[in-house]
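Worksheet: one structure, shown below.
Nothing in this text is a laboratory measurement; each read-out follows from the coordinates by a stated rule. The shown structure was predicted, so the numbers you read here are calculated from the model rather than taken from an experiment. Using ideal geometry, Cβ is built from the backbone for each residue, glycine included, and neighbour counts are taken over all protein chains shown.
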Amino acid sequence: MNDEFHFTLDVCADDFNHKVNIYYTKKDNSLYKNWNGICWMNPPYVNMKNCVIKAYNESVKNDSIVVCLIPARTNTKWWHEYCMKGEIRFIEG
């Protein structure tokens, strides 16, 4: 995905798994930060809804691109209210 998007910020990372040099860790609490640029988001499953809502709001507010690696939760209200407004790609496996 990085070959296509060229990420500038990893919003759900740690010191070992970050995908780019600029990243937010759990300690940074990215839900309270601005997400500017081209963002990669692989959120913890326990907080996925809030992360998806934040991703949508940041894409609108800051004109950022947020690529989210999440499982399809098509049975949830938040999936339809936020994910369905963006581009969706299903990855097999």
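Run down I53, I38, I65, I22 and say which single residue is out of contact with any Ser or Thr (no Cβ under 9 Å at 6 or more places or on another chain) and among the β-branched types (V, I, T).
Numbers: I38 fails: out of contact with any Ser or Thr (no Cβ under 9 Å at 6 or more places or on another chain); I65 fails: out of contact with any Ser or Thr (no Cβ under 9 Å at 6 or more places or on another chain); I22 fails: out of contact with any Ser or Thr (no Cβ under 9 Å at 6 or more places or on another chain).
Checking each option against the conditions leaves just I53.
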Q: Collect the residues in the stretch 70-92 that are under 16 Å from V60 (Cα atoms) and polar (S, T, N, Q), keeping them in residue-number order.
A: none
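What helices (runs of 4 or more DSSP H) completely inside the chain contain at least 3 residues that are surrounded by 14 or more Cβ atoms within 10 Å (Cβ to Cβ)? Steps first, answer last, please.
Values: elements: 2-5, 48-61, 77-81.
So the answer is 48-61.
Condition check ((1) touching a residue at least 40 places away in the same chain (Cβ under 8 Å); (2) among the polar types (S, T, N, Q); (3) more than 16 Å from Y82 (Cβ to Cβ)) across all residues:
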position: N21; (1), (2), (3): no, yes, yes
position: T25; (1), (2), (3): no, yes, yes
position: D28; (1), (2), (3): no, no, yes
position: N34; (1), (2), (3): no, yes, yes
position: G37; (1), (2), (3): no, no, yes
position: W40; (1), (2), (3): no, no, yes
position: V52; (1), (2), (3): no, no, no
position: S59; (1), (2), (3): no, yes, no
position: D63; (1), (2), (3): no, no, yes
